[in-house]
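I have placed the structure first, in the form of structure tokens, so that the comments after it can refer back to it.
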Amino acid sequence: MTVPDIGCDRCEAMASAYVDGELDPRETVELECHLAACSACRDLMHDIKTMSDSARSLPLLSPSRDLWVGIDARIATPVVSLDQRPRHAWPVRRLAAVAAIALVAVSSGLTYLVTRSLSPTTPVRVGSIGKVQVPEPAAIAATGNSAPDKPAPSPTVGRDVPPTPIGDALRGALVSATRSRGATERLLAPEIADLQQVLNARRDELDPATVKVVEDNLALIDAAVGQAKAALRRDPASGFLTDLLDGALQKKVELLRTAALLPSRS
Amino acid sequence: MTSVSASGGEASNPDDVAMAAAGDRHAFERLYRSHVDRVYSLCTRMCGDRVRGEELTQDVFVRVWEKLPQFRRDAQFSTWIHRVAVNMVLNDRKSEARMRKRLVEDDSESGDTPLQRASTTPGYGDRMDIMTALESLPPGARQIFVLHDIEGYKHEEIGAMCGITSGGSKAQLHRARMLLRAALSR
């Protein structure tokens, strides 16, 4: 049985598919029969294969300059999109976000006063927990915008939430209360519990990977707190261990504040 | 911990992805440094211009930063950022096409920076010729060739990204290869 000659025009039309292995068996046989008799088409196949192989191994290019500076400047600028929709009743998610911001503002004010009254130095670093960054509250308010074609607002900015002033009478009570051992833990326990509740309530809204990072860090802090308490039971007069425990509790509050203000995943 | 992927770029540290998603800009900078060359290469080769390639690369990373909290770890981060880059270039081309309907461009004032200057290795022989010839392709054919022969996408994926059929992608690829062959033969 002889195979019909497909001719150069048809061979050329099938060339890319042949090089990429996309022809069916019958077409492959017909084309290869033609190639056996046509040097021009053999050259064509060879050129296409060489070009394709060379393209696959092209080296990566590098920009002429470091583009990070421009990128960093753009992501560091918070973008607040205007909500064009008419304002009716606030959705539950927005109310929860506002409540989280209010709670964080109050707890950050209390924490500020506690740290100021305890030690003038910077907070003690516990274990491998690094400084966390706090998102702009405006970014939380903007998460209600769900238009799919618009870019999402920048989720985080590296800034600390400013402290909230509290009356002199309360400030005085806090200062005197914190001078006794264990006072920081008693003072921060309600805020920690409230922030933990906020985090639990928002768990389904947040990215699971982010929640895991937060929980892993909380576990580290709790372990540090446990170790500091155990050491204090053996050496109750140690100011260093008291500072260590207080620092760990403050870290826990900071982390919970950050988690409470994380933007919801859309 | 990072390793070198088959594409020649560095694989991403999963911790950096998680930390960047939580707002850590230092972690995001590490991701940038791991992926910038691959993203820049894709953008520049698809658009055919070095300066525009740098602008698009910046746009890609800003978009990645915005969308990172939505990134689900069911795919490789490198695959995901690559897809963001492809979409960015394709959308840029659509915007450019709309603008050209209203504006008449003078080629002598286009300010394009030829693709061959984007090469990092002067006198690279055959590879330099291919990159020069790539610039001469019509934009659509060039993009399909870059996506298929350089970046390794399949025709079905290209069709989905570009809004064409896989048959259309195959036809464009064949056209690109024939034009490149003609350009390289001159």
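Bear in mind that the values in this text are calculations on the coordinates, not laboratory data. Remember, predicted model here, so these are calculated numbers, not experimental data. Virtual Cβ from ideal backbone geometry, glycine too; neighbours counted across all protein chains shown.
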For a quick check: sort A:Ser39, A:Ser238, B:Ser169, A:Ser62 by the number of other beta carbons within 10 angstrom, fewest at the front. A:Ser39, A:Ser62, A:Ser238, B:Ser169
Inverting the mean 1/r over all pairs of different Cα atoms, compute the Kirkwood radius of the stretch A:215-266 and quote it in Å. 12.0
Starting from the 7 Å offset along Cα-to-Cβ, what nm value, one decimal, do you get for the label separation of A:Ala219 and A:Asn200? 1.9
Sort B:Asp129, A:Asp43, A:Asp207 so that the residue with the fewest other Cβ atoms within 10 Å of its own Cβ comes first and the one with the most comes last. A:Asp43, B:Asp129, A:Asp207
Amide H proximity to A:Leu262 below 5 Å, modelled H, separation 5+ or other chain, gives none
Which order results if A:Leu218, A:Leu31 are arranged by neighbouring Cβ count within 10 Å, fewest first? A:Leu218, A:Leu31
Where labels lie 7 Å past Cα in the beta-carbon direction, separation of A:Val69 and B:Arg186 in nm: 3.8
